[in-house]
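Chemist: Questions regarding the structure given below will be posed in turn.
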């Protein structure tokens, strides 16, 4: 789909890695139940109420993951304009990014339970028709361990390593109506599709998608677009293919 297909007859430009589409940004502070302040930001549609909200959980902070990790940043740069989807990004406790440093310290996916609770609460307060949780790498463990909560409509997992999530915790999702989709790169460094299918078999409704040629970090516009298409589809509850071009005037 192109911008022209969406009814825009102006000249269009290809969406590239550093493209930022029109977006309204709101900085906020998430307050955890154990007393910490977490740096966060909403990216919102400019002039429409959001059709869905996506709460994101970043990769491992001790390995360089933060709210500005490239896939999450690109989701915030594109999805509000492309699909009227609001995107919440935040730094988990003790994590530093260009947006700032969250209070607390890394706790190996234990005390981060309170971070997850605070982020989901912010997503619910926004009041969008649908709420999904998007985890990437370490963020998928946070979602699987602590994200099975009322008000969550779907879960999308990018490169789940299942490092901190036990099989017992995973099996608890079998009783949940929340749809789980796991995108597992063919050449992932930690968990590959065949093993993912075995591990996720305890959740019959979970869908494991093999990303051919993909790697853990989702480098390359081909893989970014695939990921964001899947995010939009999960958020809106229907298949979505996002534009690859945009009105040049809005990009200037």
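The values are calculated or read from the model by the stated rules, or taken from the named source; none is laboratory data. Everything numeric here is computed off the predicted structure, so don't read it as measured data. Note that each Cβ is placed from the backbone with ideal geometry, even for glycine, and that neighbours are counted across all protein chains shown.
Chemist: Return yes or no: is residue 165 surrounded by fewer than 16 Cβ atoms within 10 Å (Cβ to Cβ), within 23 Å of residue 61 (Cα to Cα), modelled with pLDDT of 95 or more and over 17 Å from the mean Cα position of the chain (by Cα)?
Modeler: no
Chemist: Only one residue in 94, 147 is at positive phi and in contact with a helix residue (DSSP H, G or I) (Cβ under 8 Å, 6 or more places away or on another chain). Which one?
Modeler: Details: 147 fails: at positive phi.
Residue meeting the stated conditions: 94.
Chemist: Any residue at all in the range 218-241 that's assigned to a helix (DSSP H, G or I), at pLDDT below 95, over 13 Å from residue 70 (Cβ atoms) and out of contact with any strand residue (DSSP E or B) (no Cβ under 6 Å at 6 or more places or on another chain)?
Modeler: no
Chemist: Now, a different point. How many residues, within the range 172-199, are under 24 Å from residue 130 (Cα atoms) and not in a strand (DSSP E or B)?
Modeler: Qualifying residue count for the region: 7.
Chemist: Right, next: If a residue has to be over 20 Å from residue 229 (Cβ atoms) and in contact (Cβ under 8 Å) with a residue 12 or more places away in the chain to count, how many in the range 64-76 make the cut?
Modeler: 4
Chemist: Out of the residues in the range 201-217 that are touching a helix residue (DSSP H, G or I) at 6+ places or on another chain (Cβ under 6 Å) and assigned to a loop (DSSP other than H, G, I, E, B), which is farthest from residue 178 (Cα to Cα)?
Modeler: Residue satisfying both the conditions and the ranking: 214.
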